[in-house]
Every structure is written in structure tokens, then in C-alpha cells.
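Colleague: Take this structure first; my questions come after.
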Amino acid sequence: GAGVSQSPRYKVAKRGQDVALRCDPISGHVSLFWYQQALGQGPEFLTYFQNEAQLDKSGLPSDRFFAERPEGSVSTLKIQRTQQEDSAVYLCACLQRAGETQYFGPGTRLLVL
Amino acid sequence: GQQLNQSPQSMFIQEGEDVSMNCTSSSIFNTWLWYKQDPGEGPVLLIALYKAGELTSNGRLTAQFGITRKDSFLNISASIPSDVGIYFCAGQRGSNYKLTFGKGTLLTVNP
């Protein structure tokens, strides 16, 4: 497709369950970012990939959060042993080259009960 | 994590009125951006500012990059109902790097 796609769009998990969120970036976009957006807040940076290399994971809130992009295209954000405070919208963004705009996907809305 | 200081938090205006919102930071950014987010969607870029003092327009939208590089404002003129949404400012330090967002301004336009 022409834009960034994310799946699933909605996810309800029981506390303690593991979840995996997928991002399909625009073809050829080298850089990929994950952001977490809590209700009523702006997005907050989680992690950044350039191709398959994870260059910055300073925003990941705990070691329960793990992201990968093994072939430099699709990325997966995994959250282990989910907690209620993990409930948020998880946004993926990508850009083709330095100096260009970050394009955002529609997000995955995660609700942990 | 850090978020920029964005104000106002919300605005209720009549169609046709002008709107102004601003964003401040305690630290310098090299790029300022303004995004709009509709319900159930990701943010969409409205305007990007790359140089201190720069004033840029996009249709009815005008934004400025503050001289100190620590602030920016966005003006919307002659508002219309489809301007409804949440507006976010964002700062960026490097051209290939993460965005730091404000908390957003919720705009409601009464027809």
C-alpha cells in the first residue's frame, strides 16, 4: 500500500499476557520509529531503527518491551507480561531519508484489562 | 519522558474565527513541526520549520520557528468545521531522529 499500516488496529489483552504489534512501513523507507501515546497525551518516543539496526531504544519503558526489524522492513513491537499501564496507542512512523518527513501509521490501540 | 509545553489545552471557537496555539521548550530544537491528529488516526504533518525565525504558510495555516529555537506558534485563519481535531507541536534535534511532542491542543469549531 501507499502508507504505513499497522496491525492489529485494536488489541484487548488480559494482564500478564504477551502481545505483538506489527508495523508495515512504506516500501523503501529506511528509518522506522515506534511511539507510545497515552490517553490525552502526545506521542512519546520508544525506539528507532535504521534498516535492521536498532540505533536507539532509550524510550522503552522497561525490559518487558522489545522491538525488532530483522530484514529492515516490517517491524514488531513485543510487550511481555502486559500491565494496565501499558494501555495506550502504539504508533509506528517511517521516513525515507534524513531531512524528510516522518509518516505515521494509524496506530494500534492496546487495552490491558 | 519529556513533552513540550503546548497551550492552550483546548479551544472552542465559532466557524470563521482565527486560532492561535503555541509551544515552548526548555531546550533547543533544530526543527519544529506541527501535526494534526483525527480520532483513530495517526498524526499528519501540517507544517515543518527548519530555520530560526522562519515563517511558513500552508493555505490557511501559518507557523513560525522562534528566534531562540525554543518555541513555535501555529495560526489557523478563518476556521472551518473540518479543522476540528487535536493539534500537536513537535521538536526534532537531528534530521533523522526522534520527535518530542507537546500534549496537544483540542480544537472544536462550532458551525
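Colleague: Working with all protein chains in place, sort A:Lys57, B:Lys98, B:Lys103 by solvent-accessible area computed with a 1.4 Å probe, largest first.
Modeller: Numbers: A:Lys57 130, B:Lys98 55, B:Lys103 105 Å².
Reading off the accessible areas and sorting them downward yields A:Lys57, B:Lys103, B:Lys98.
Colleague: Could I ask something else about it? How much accessible area per residue does the protein assembly as shown have, in Å², with a 1.4 Å probe?
Modeller: 47 Å²
Colleague: What residue among B:Ser27, B:Cys89, A:Ala13 has its Cα farthest toward the positive end of the dipole of the protein assembly as shown, where the charges are +1 on Lys, Arg and -1 on Asp, Glu, each on the Cβ?
Modeller: Among B:Ser27, B:Cys89, A:Ala13, the one farthest towards the positive end of the dipole of the protein assembly as shown is A:Ala13.
Colleague: Compute the accessible area of each residue in the stretch B:58-100 twice, once for its chain alone and once with every protein chain present, using a 1.4 Å probe on heavy atoms, and list those whose area falls by at least 10 Å².
Modeller: Relative to the lone chain, where solvent access is computed with a 1.4 Å probe, the stretch B:58-100 loses at least 10 Å² at B:Phe88, B:Gln92, B:Ser95, B:Asn96, B:Tyr97, B:Lys98, B:Leu99.
Colleague: Which whole-angstrom value gives the distance between the alpha carbon centres of the stretch B:40-111 and the stretch A:43-88?
Modeller: 26 Å
Colleague: Measuring from label point to label point, each 7 Å out along Cα→Cβ, what is the A:Ser62 to B:Gln2 span in nm?
Modeller: 2.6 nm
Colleague: Between A:Lys14 and B:Glu15, how many nm apart are label points set 7 Å from Cα along the C-beta direction?
Modeller: Distance between the two pseudo-spin positions: 5.0 nm.
Colleague: Tell me the net charge near B:Pro111. Cut-off is 14 Å between Cβ atoms, B:Pro111 excluded, with +1 for each Lys or Arg and -1 for each Asp or Glu.
Modeller: Values: positive: none; negative: B:Glu15, B:Glu17, B:Asp83.
Within the 14 Å Cβ shell, the charges total -3.
Colleague: Is chain A best put as rounded, prolate or oblate by its Cα gyration tensor, with a ≥ b ≥ c the root eigenvalues, rounded for a/c under 1.5, and otherwise prolate when a/b is larger than b/c, oblate when not? Working shown, then result.
Modeller: Details: a/c = 1.78, a/b = 1.62, b/c = 1.10.
Cα axes put chain A in the prolate bin.
Colleague: Under a Cβ-Cβ cut-off of 15 Å, what is the net charge of the residues other than B:Gly40 that fall near it, where Lys and Arg count +1 and Asp and Glu count -1? Each step should come with its number before you reach the end.
Modeller: Numbers: positive: A:Arg9, A:Lys11, A:Arg109, B:Lys36; negative: B:Asp38, B:Glu41.
Taking every Cβ under 15 Å from that of B:Gly40, the sum is +2.
Colleague: Let me ask something else about it. With chain B treated as a Gaussian network of Cα nodes joined by springs under 10 Å, which of B:Thr56, B:Thr24, B:Thr68 yields the largest mean-square fluctuation?
Modeller: Checking each option, the largest mean-square fluctuation is seen for B:Thr68.
Colleague: In what sequence, largest accessible area first, do A:Lys14, A:Lys78 appear using a 1.4 Å probe?
Modeller: On the way: A:Lys14 150, A:Lys78 75 Å².
Ranking A:Lys14, A:Lys78 by accessible area, largest first, yields A:Lys14, A:Lys78.
Colleague: Now for a separate question. Please give the direction-averaged projected area of the C-alpha convex hull for chain B, in square nanometres with one decimal.
Modeller: Numbers: hull surface 26.5 nm².
Mean projected area for chain B: 6.6 nm², to one decimal.
Colleague: Please give the net charge around A:Val19, taking every other residue with its beta carbon less than 11 angstrom from that of A:Val19, where Lys and Arg add +1 and Asp and Glu add -1.
Modeller: Details: positive: A:Lys11, A:Lys14, A:Arg22, A:Arg64, A:Lys78, A:Arg81; negative: A:Asp18, A:Asp86.
Every neighbour counted, the sum reads +4.
The values are calculated or read from the model by the stated rules, or taken from the named source; none is laboratory data. Nothing here was measured: the structure is a model prediction, and the numbers come from that model. Virtual Cβ from ideal backbone geometry, glycine too; neighbours counted across all protein chains shown. Just the protein is used for accessible areas: all its heavy atoms, side chains included, with ligands, DNA and RNA removed. Shrake-Rupley method; radii C 1.70, N 1.55, O 1.52, S 1.80 Å.
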